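Written below as C-alpha cells is the structure these notes are about.
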Amino acid sequence: MDHLELARRLRVTPRMFLPDDRFATLVAFLEGGNQLTNGDLLRGFNEWVQERLHGPDYQSSLHWSAEIAESVAGRARKGLSMPEAQEEQAKELLLDALDGFLAANPRSAAVDD
C-alpha cells in the first residue's frame, strides 16, 4: 500500500490505524509515519498547507497541524484540542490536504521497497 492509498484509507476506516477519533491522534500518526520515512512522507507539507490556507506569500513558523487547527478553531483553541464538531472539521481538512499533497507529489506518495 503506498502513502496515498494509506491516506485515503484513513478517511474510510480510521480505526484500523488510530485508537481514537481525535485530531491530535491523527497528527501523531502522520508524524510517526513521517519519522519512519526519514521525513520524506511530509517533506514540503508545511509550506503546501500554508499556501493552500493563506496564499502563496504567506509565511509562518507554525507547524502544519497548528495551521489547520487554527484555521478551523481560531486562536482560542487549546493546543490541538477542540470541540468535537471542530475536531471533525480539522480532520477532514487535514485528510483533504494530505490527499492533495500526496497526489501532487508522487515521490511522497511512493513507498520504497
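The values are calculated or read from the model by the stated rules, or taken from the named source; none is laboratory data. Note that the structure is a prediction, hence the values are computed from the model and not measured. Please note: Cβ atoms are built from the backbone with ideal geometry, for glycine as well, and neighbour counts cover all protein chains shown. Remember, those area values only see protein heavy atoms, side chains included, never the ligands or the DNA or RNA. Shrake-Rupley method; radii C 1.70, N 1.55, O 1.52, S 1.80 Å.
In whole percent, how big is the carbon plus sulfur part of the accessible area of the chain, probe 1.4 Å, protein atoms only? Taking all protein chains in place, the chain shows 51 percent carbon and sulfur surface.
Each label point was placed 7 Å from the Cα along the Cα-to-Cβ direction; for residue 54 and residue 20 their separation is 2.9 nm. Using Cβ point charges alone (K and R +1, D and E -1), the dipole size of the chain about the Cα centre works out to roughly 220 debye. Under the membrane-span-like helix rule (DSSP H runs whose alpha carbons stretch at least 18 Å along the helix axis, mean Kyte-Doolittle hydropathy -0.5 or higher), the chain yields 23-36, 84-104.
Legend: P(r) of the stretch 1-84 from all alpha carbon pair distances, 5 Å bins from 0, whole percents, reading 3, 13, 21, 23, 23, 13, 4, 0.
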